[in-house]
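Visitor: Take this structure, written in structure tokens, and hold onto it; I'll ask about it next.
Where a number appears in this text, it was derived from the coordinates with a stated rule and is not lab data. Source: prediction; values computed, not measured. Using ideal geometry, Cβ is built from the backbone for each residue, glycine included, and neighbour counts are taken over all protein chains shown.
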Amino acid sequence: MGLDDKIKNAAEKITGQAKEAYGDATDNDRLRAEGQAEQSTAHLKDAGENVKDAFKK
């Protein structure tokens, strides 16, 4: 996995965590769900990149 991919995924995770926390604080279910979805997407991207890396070796 390239460094730029790792940075983008980490940024997406952090953004998702912030949205989820803000949604919790403001009792906004839509924002909370968006944050959780962004975190899940970032985790899936990480997993996909790890699979690609495994096949490169």
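Visitor: Looking at this structure, is Asp53 in contact with a helix residue (DSSP H, G or I) (Cβ under 7 Å, 6 or more places away or on another chain), of a type in the set (D, E, K, R) and part of a helix (DSSP H, G or I)? Give the derivation first.
Guide: Values: in contact with a helix residue (DSSP H, G or I) (Cβ under 7 Å, 6 or more places away or on another chain): no; of a type in the set (D, E, K, R): yes; part of a helix (DSSP H, G or I): yes.
It is false that Asp53 is in contact with a helix residue (DSSP H, G or I) (Cβ under 7 Å, 6 or more places away or on another chain), of a type in the set (D, E, K, R) and part of a helix (DSSP H, G or I).
Visitor: Have a look at Asp24, Asp46 and point out the one that is in a helix (DSSP H, G or I) and exposed (fewer than 14 other Cβ atoms within 10 Å of the Cβ). Show your work before the answer.
Guide: Details: Asp46 fails: exposed (fewer than 14 other Cβ atoms within 10 Å of the Cβ).
On inspection, the qualifying residue turns out to be Asp24.
Visitor: Among the residues of the stretch 1-17, which ones are more than 11 Å from the chain's Cα centre (by Cα), part of a helix (DSSP H, G or I) and exposed (fewer than 14 other Cβ atoms within 10 Å of the Cβ)?
Guide: First pass over the stretch 1-17, keeping only residues more than 11 Å from the chain's Cα centre (by Cα): 1-5.
Filter once more, keeping what is part of a helix (DSSP H, G or I): 3-5.
Of everything in the stretch 1-17, those that are more than 11 Å from the chain's Cα centre (by Cα), part of a helix (DSSP H, G or I) and exposed (fewer than 14 other Cβ atoms within 10 Å of the Cβ) turn out to be Leu3, Asp4.
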